[in-house]
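Enquirer: The structure's right below; bear with me while I get my questions together.
The values are calculated or read from the model by the stated rules, or taken from the named source; none is laboratory data. Note that the coordinates shown come from a computational prediction; the quantities given were computed from them, not determined experimentally. With ideal geometry, Cβ positions are generated from the backbone for all residues, glycine too; neighbour counts draw on all protein chains shown. Remember, those area values only see protein heavy atoms, side chains included, never the ligands or the DNA or RNA. Shrake-Rupley method; radii C 1.70, N 1.55, O 1.52, S 1.80 Å.
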Amino acid sequence: MIDLPNWIDPEQDAVLTPKSLRGLVHPLRIRLLQLLQDDGPATATGLAERIEQSSGVASYHLRVLAEHGFIVEDTERGTGRDRWWRAVHRETSFTFRMPEDPGDADTVEDAEEYLRLLANEAHRRVIDFVNSLAAQREELPKMPWQMNVWPIRLTVDEARELAQNVHELVLRYRREPGDPDPRPDTMRAVFQFQVLPDDPGQPLP
């Protein structure tokens, strides 16, 4: 085992490795899990509307997530007619750094596809925002949202330090699942963060 960062609580958060991705590597399942983690328990019908799919499709993917331990039925909310689901963990992260599961030829392919799906979801959010700008012309001068790319040079240790510093800063603004902020002037936002090599094929020094 590696030492987990201090922003990860093993009692509430899941750290996935290549072998534990089975059942999650699908775009709809990733979105369903994110919605349950972000907004708390929900029914298949409610989630289906959010992902613009039929309730049958949502129910199928929810059952797959349950079979692999990502979600469970919320029996306290169920009424017999509506089946409620909740995420097992507050949030989910992924790593190749667990010594017991660094990935093999088969599971690394699953990991690649999982990370590709996460990147596609991040791209979708950005494009949805850009596509909304024309309808918000009067608001544009007041918007705080930003998209920046900064070329940097750093060592491996500095890269890890940078990631830790950013995580600790962002966690000051964390929104707990299903917990609305009582302040009337807040709005929901998402912080997307990547530290990536400029040359993906370059080996670590």
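Enquirer: Of the conditions (1) open to solvent by less than 60 Å² (accessible area, probe 1.4 Å); (2) at pLDDT 95 or above; (3) within 27 Å of residue 179 (Cβ to Cβ), residue 53 satisfies every one except a single condition; which number is it?
Expert: Of everything listed in (1) open to solvent by less than 60 Å² (accessible area, probe 1.4 Å); (2) at pLDDT 95 or above; (3) within 27 Å of residue 179 (Cβ to Cβ), residue 53 misses just condition (1).
Enquirer: Has segment 94-108 got at least one residue that is over 30 Å from residue 181 (Cα atoms), outside any loop (DSSP other than H, G, I, E, B), open to solvent by 60 Å² or more (accessible area, probe 1.4 Å) and at pLDDT below 95?
Expert: Within segment 94-108, one or more residues are over 30 Å from residue 181 (Cα atoms), outside any loop (DSSP other than H, G, I, E, B), open to solvent by 60 Å² or more (accessible area, probe 1.4 Å) and at pLDDT below 95.
Enquirer: Can you find even one residue in segment 67-77 that is under 26 Å from residue 180 (Cα atoms), touching a strand residue (DSSP E or B) at 6+ places or on another chain (Cβ under 6 Å), part of a loop (DSSP other than H, G, I, E, B) and among the basic types (Lys, Arg)?
Expert: Yes, the conditions are met somewhere in segment 67-77.
Enquirer: At pLDDT 90 or above, surrounded by 14 or more Cβ atoms within 10 Å (Cβ to Cβ), within 24 Å of residue 109 (Cα to Cα) and among the hydrophobic types (A, V, I, L, M, F, W, C): is that true of residue 47 in this structure?
Expert: Criteria not met by residue 47.
Enquirer: Return the residues of segment 149-179 that are of a type outside the set (A, V, I, L, M, F, W, C), open to solvent by less than 100 Å² (accessible area, probe 1.4 Å) and more than 19 Å from residue 118 (Cα to Cα); say none if nothing qualifies.
Expert: Quick first cut of segment 149-179, residues of a type outside the set (A, V, I, L, M, F, W, C) only: 151, 153, 155, 157-158, 160-161, 164-165, 167-168, 172-179.
Subset that is open to solvent by less than 100 Å² (accessible area, probe 1.4 Å): 155, 158, 164-165, 167-168, 174-179.
Selection gives 155, 158, 164, 165, 168, 174, 175, 176, 177, 178, 179.
Enquirer: Do we find that residue 177 is farther than 22 Å from residue 16 by Cβ and either assigned to a helix (DSSP H, G or I) or touching a residue at least 40 places away in the same chain (Cβ under 8 Å) (or both) in this structure?
Expert: It is false that residue 177 is farther than 22 Å from residue 16 by Cβ and either assigned to a helix (DSSP H, G or I) or touching a residue at least 40 places away in the same chain (Cβ under 8 Å) (or both).
Enquirer: Something else: Exactly one condition in (1) open to solvent by less than 100 Å² (accessible area, probe 1.4 Å); (2) of a type outside the set (Asp, Glu); (3) more than 19 Å from residue 23 (Cβ to Cβ); (4) assigned to a helix (DSSP H, G or I) is false for residue 144; which is it?
Expert: Every listed condition holds for residue 144 apart from (4).
Enquirer: Checking the conditions here, which among 128, 82 is more than 23 Å from residue 176 (Cα to Cα), acidic (Asp, Glu), without any contact (Cβ under 8 Å) to a residue 40 or more places away in the chain and open to solvent by less than 70 Å² (accessible area, probe 1.4 Å)? Before the answer, list the steps.
Expert: On the way: 128 fails: open to solvent by less than 70 Å² (accessible area, probe 1.4 Å).
Step by step, each of 128, 82 is checked, and only 82 is more than 23 Å from residue 176 (Cα to Cα), acidic (Asp, Glu), without any contact (Cβ under 8 Å) to a residue 40 or more places away in the chain and open to solvent by less than 70 Å² (accessible area, probe 1.4 Å).
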